[in-house]
Structure formats: C-alpha cells, structure tokens
Amino acid sequence: MKEGEIMKLETKGLKGKELAKYLTEKLDVIADNLSKDPVELQKFVKKWNSGFHTYSLNNTLLIWLQKPEAIENPLIAGYKTWKNQYGRQVCKGERAIRILAPRTKVMEEEDGEKTLRVLGYFPVSVFHVSQTTGDPIDYDLGCPDLISGDADFETMVRACPFPVHIKDGLGFSNGNTDGKTINIAKKSNEASMCATLAHEWSHALMHFKEPGVLFETDGASVKELEAETSSFVVCSALGIKNEKSRLYISNWGGNAAEIRHRGKTILSTAESIIRKISIYI
C-alpha cells in the first residue's frame, strides 16, 4: 500500500447494518494491507500517536480512508459536539466521515462481577474541523501525546498484566510465554528487551484461549508474524526503532494469505498494549 493509493470508501446510500457491514469489510482489507508494509505501518502509527488517541486505531484507518488530510490535523467531532460544545456549525453539503462505535451491554457473570461486553458495532458520523465554520478553536480536540520516547523496560513491566520474569539461560530465545507469565532474556540492550516484551505480551493476548492453552487454529509461523507486527506497532508508538521487526514483516509481505483477516486483530492488540503503558508514563 503506497501513499496516494489509499482505498476509497463509497458509503452513499448505505445505512444501519448494511453500512456497518461495508465499513467492517473495508477495514479488514486496509488493516491487512497495512500490517504487511512496515514502512506505511510506521507512518500510520506515528500519525495516530501524534494526537488521534481519542479514536481507536481501526477508526483512525476509516477516517484516513475517507478524508486523508484529516489525519494531519486530527480535530474530529460529531455534529452536536461541534455545535453545542465548540460553537461551530458543520458547513452545508459536507459529507460525514463514517466510523464504527461499539454497541455494549453490562453483563453479570456467575461470580456476580459485572463486565462490559461489546456485542457489535454501528456506524456514526463525525466531521473534521475543515468541514465546519464558527468560533475559533482554542482547545485541542486531539488527545496530547500519551506516550513519549522515554518509555523504558521497567515501565513496560509495571504496565504488563502478566507477571514478567527476567531470566538467564533462555538459549537462543529472547523470550517466551505460556499465556500466564512472560519470560524475557536479560540483555544490555534495554530497547531490545522492550521489543521482546511487546512481542510476548502480544502472544499472551492473541494466542491463548486460556492461560496455558494455545488456540490451535493457526501455525506457529503465523502466530510469530502477528506478534512481531504488533510489537512493531508498539515500538513505533514508544519511539523505539525496531529494524528487526521491519525486516521480519517485509519478508512476509509477499504472502497475502498469511495476514488475511488478521490486520484488525493485530492493530487492536497493539493498541491495548500502548494504552496500558500510557497509564504509567
């Protein structure tokens, strides 16, 4: 996927479930393509990291597809928010940017604990500041940078929901996980340890249906590709240069079948890790 060759969305005439289905299908394609190209993936993460945190990585992709220039100046809000909160009116004839909002429900588990579950997604309309007129903007709608380049390994360990053990004697392995704990090989290169932790953390989130029990639907090589791509996104957001991941992803780039329908999962996993780490920075 090259810049300037961004997929166009044609949402005119689509509503409700039909529109949600269309957006989801297109999101699958663009997320898969993006996850195969480390150069474009890094560019995209940099744009998201500069102020689009109020939107998910997946919704940022949808915004990018429909209004590419918006990602350079991420001032996005709904019609009522522009009017009531910021004193601006959406210009007549402007076409809405369609994104997906989660449909949630509070569920009570057997132990009495209540959890919020996502049951599906529905389309909502938002507009870029360039599509509005009115009061001057003196408030940054985009979230300020939540993650700086100063993130270190200890910060990541504190943020990680899995116990992390630093170990000698892992042989040629940089790290491993059983879905319950994460082992990281001790190294003098702290950035390398951060990349490995992001990789194993991604494995633990994506590839275990329960602690200690792997999903059996995919081969080991595919799981490695997913975890390494997620790690690349996390490292890009943290300001860690990860040439190892870049080369690894590039070598897989020609095999489209391996990454099909995995892009959204990879980006969502990386985003959840980034957001966890941001709390501790």
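The values are calculated or read from the model by the stated rules, or taken from the named source; none is laboratory data. Here the structure is a predicted model, which is why all the values come from computation and not from measurement. Backbone-built Cβ (ideal geometry, glycine too); neighbour counts: all protein chains shown.
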- Pair list, Cβ < 6 Å and 6+ apart or interchain, from the range 264-281 residues that are within 18 Å of D37 (Cβ to Cβ) to residues that are part of a helix (DSSP H, G or I) and among the charged types (D, E, K, R): I266/E226
- Message: Can you tell me which of (1) closer than 29 Å to E243 by Cβ; (2) assigned by TED's automatic domain parsing to the domain that holds S125; (3) at pLDDT below 85 is the one V106 doesn't meet?
- Response: (1)
- Item | Qualifying positions in the range 191-223 - of a type in the set (D, E) and modelled with pLDDT of 85 or more | E200
- Message: Tell me the residue from M7, M1 that is in a loop (DSSP other than H, G, I, E, B), at pLDDT below 85, more than 14 Å from the chain's Cα centre (by Cα) and closer than 27 Å to I273 by Cα, please.
- Response: M1
- Message: Given the criteria outside any strand (DSSP E or B) and modelled with pLDDT of 80 or more, does E154 qualify?
- Response: yes
